[in-house]
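The values are calculated or read from the model by the stated rules, or taken from the named source; none is laboratory data. Bear in mind the structure is a predicted one, so any value in this text is a computation, not a measurement. So basically every Cβ, Gly included, is an ideal-geometry build from the backbone, and we count neighbours across all protein chains shown. Remember, those area values only see protein heavy atoms, side chains included, never the ligands or the DNA or RNA. Shrake-Rupley method; radii C 1.70, N 1.55, O 1.52, S 1.80 Å.
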Amino acid sequence: MWLPLVGFTALPHLGGLYGGYITRTQVKTWYPTLQKPSWRPPNAAFPVVWTCLYTGMGYGSYLVWKELGGFTEDAVVPLGLYGMQLALNWAWTPIFFGAHKLKLAFFEIVLLTGTVGATMWSWYSISRTATLLMAPYLAWLSLATSLSYCIWRDNPEKKEE
């Protein structure tokens with residue numbers, strides 16, 4: 001059963017790699033021009049944190065999949081919510097760093113955070129370990145949501161004429 005374990009654990013990193021590709025130039029050019037709160041994490045923390053979070057959520061999804069016997073009818077909601085939050089997670093970086101849409105990025109991350117909470121709720125009765133593996137992710141998203149709001153608030157989008 002090592003192949004599903006590796007696949008589920010690696011899957012979230014695919015979006016992370018794409019996000020890193022988008023972010024790498026923007027973090028040196030556009031991102032420094034934004035007003036940001038003093039409490040924001042240093043840029044170097046983000047790849048380390050996301051590597052840990054993606055690994056934890058991926059392994060958690062494997063535990064849920066395994067406990068439910070694969071892609072069964074019982075797995076539709078918990079793994080469907082997981083897939084939805086993963087898609088929302090992967091979408092945030094292109095919205096924020098790619099399109100520079102600060103308002104949309106804020107509302108998207110609010111939706112993402114709620115979907116992660118719903119995923120955790122749906123996982124709790126299946127695997128408490130999987131749910132706990134998502135807890136640091138939810139905590140980080142709380143910080144990221146606050147940061148996204150402050151950046152949107154402090155950097156009004158210019159009106160196009």
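Of note:
- Close Lys-Lys pairs in the chain, where close means Cα under 27 Å and separation is 8 or more or interchain: 13
- Spin-label pair Arg40/Leu14, simplified geometry with 7 Å Cα→Cβ offset, distance in nm: 3.0 nm
- Here the Gaussian network model covers the chain, with springs between Cα atoms less than 10 Å apart; of Phe97, Phe46, Phe106, Phe46 fluctuates the most.
- Calculated P(r) of segment 2-161 - Cα pairs past 22 Å, %: 42 percent
- Spatial separation of Cα centroids for segment 1-73 and segment 99-114, in angstrom: 17 Å
- Once the 1.4 Å probe is applied to the protein heavy atoms, segment 64-159 comes out at 52 Å² accessible per residue.
- Taking the helices alone, the chain has a mean residue ellipticity at 222 nm of -25500 deg cm²/dmol, built from -39,500 (n - 2.57) per DSSP H run of at least 4 residues and averaged over all its residues.
- With at most 13 other Cβ atoms within 10 Å, longest stretch of the chain clear of loop trypsin sites (Lys or Arg not before Pro) (DSSP): 29-157
- When only Cα pairs below 8 angstrom with a gap of at least 6 residues are kept, the chain shows a relative contact order of 31 percent.
- Listed by number, the DSSP H helices of the chain that run 30 Å or longer by alpha-carbon position along their axis and have mean Kyte hydropathy of at least -0.5 are 2-26, 45-67, 102-124, 128-154.
- Given a 1.4 Å probe and the protein chains as shown, Ser38 ends up with an accessible area of around 120 Å².
- Selection among Val49, Thr119, Ser38 by position relative to the dipole of the chain gives Ser38 as farthest towards the positive end (Cβ unit charges, Cα centre).
- Rounded to the nearest 20, the Cβ-based charge dipole of segment 1-154 about its Cα centre (Lys and Arg +1, Asp and Glu -1) stands at 580 debye.
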